[in-house]
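Notes follow once the structure below has been shown.
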Amino acid sequence: MKRILVMAAEQEELDAAIAAYNGCRGQLKNIAEVKFMLCGIGAVSTCYAITKEIYTAAAAGKHYEIAILVGLAGSYDLQKFPIGSVALIEKAYLGDLGFDTPTGLKTLFDTKVLDSNIFPFKEGALCRLEAGAETEEFLKRFKHASAVTRQTFTGDRSKRDEIVSKFNSEIEDMEGAALHYVCLMEKIPFFQLRGVSNEVGERDRGKWNAPLALDAIKKAMLEFFRFECKG
């Protein structure tokens, strides 16, 4: 039986995925074993939670065939990823690992502290490890994006512009790079789906639309579970 790990940083995000699963539970029960887990907010707690779960499962002889992270995110490009849209993250960048200088962020790759192509990085990015051919064909229905993982929400327009210029990414999140790093190191196929709730740089949370983004996540995961039902 296929084993699937579904994670989110916060309960409302996980609940959206669980609601999608409940719509297919009867059909899926003999096809896939799905575990839902909170990984916590931020890259540190996410890295720990995923690693612990992977090794705990492996010790019990239960390896995961795929790991999935769902959650809300901000968009750097509202034309490509408007509020309420869903992004499939292909590449994740560590957006605050390096040196803060008078001319802006210098990453560990910029300063040659790390080789930008040292495993698991490719040109400074953590690229998604693909699943099987059928799953990859399914994932083509989602618009692909690159994301910057930061440990603080970007609430300043000048910082936003700096990040866009440096990483040329469309999405900002707080956990994604941890998923990419751990799963690449452990050779577990994975993907993350991000529902856009706000524009990056918008400090007024009253202008964010979390319900719309959560509904988008629910619909996207329902599509995934229905795909899995086909076996």
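The numbers here are math on the coordinates, done by the rules we state, and not lab data. On a predicted model such as this, the values are computed, not experimentally measured, just so you know. Cβ coordinates were reconstructed from backbone atoms using ideal geometry, including for glycine residues, and neighbour counts include every protein chain displayed.
Relative to the longest principal axis of the Cα atoms of the chain, the long axis of helix 210-229 lies at roughly 40 degrees.
Ordering L214, V200, S165 by Cα displacement along the dipole of the chain toward the positive end leaves L214 in first place; charges were set at the Cβ atoms of Lys, Arg (+1) and Asp, Glu (-1). For the chain, the Kirkwood hydrodynamic radius comes to 17.9 Å, computed from all pairs of different C-alpha atoms.
Across region 2-229, C-alpha contacts under 8 Å between residues 6 or more apart give a mean separation that, scaled by the residue count, equals a relative contact order of 32 percent. Could you work out how far helix 43-59 tilts from the main Cα principal axis of the chain, as a 0 to 90 degree angle to the nearest 10? With rounding to tens, the tilt is 30 degrees. Pairwise over distinct Cα atoms, reciprocal of the mean inverse distance: report the Kirkwood radius of region 100-166 in Å, one decimal place. That comes to 14.7 Å for region 100-166.
Taking Cα centroids, how far is region 33-51 from region 136-202 in Å? Each part's Cα centre sits 16 Å from the other's. Using only Cα atoms, tell me the angle between helix 176-186 and the longest principal axis of the chain; keep it within 0 to 90° and round to the nearest 10. Roughly 60 degrees, rounded to the nearest 10. The phi torsions of region 148-157, fed into the Karplus equation with coefficients 6.51, -1.76 and 1.60 and a -60° offset, translate into couplings of 10, 9, 10, 9, 9, 5, 6, x, 10, 5 Hz, rounded to whole numbers, with Gly and Pro shown as x. When peptides 220-226, 41-47, 86-92, 173-179 are sorted by average Cβ neighbour count within 10 Å, with the highest value leading, the order is 173-179, 86-92, 220-226, 41-47. Ordering G23, V70, G42 by the projection of their Cα atoms onto the charge dipole of region 19-144, which places +1 on the Cβ of Lys and Arg and -1 on the Cβ of Asp and Glu, puts G23 at the extreme positive end.
Evaluated with a Cβ-only charge set (Lys, Arg +1; Asp, Glu -1), the chain carries a dipole of roughly 440 debye about its Cα centre, given to the nearest 20.
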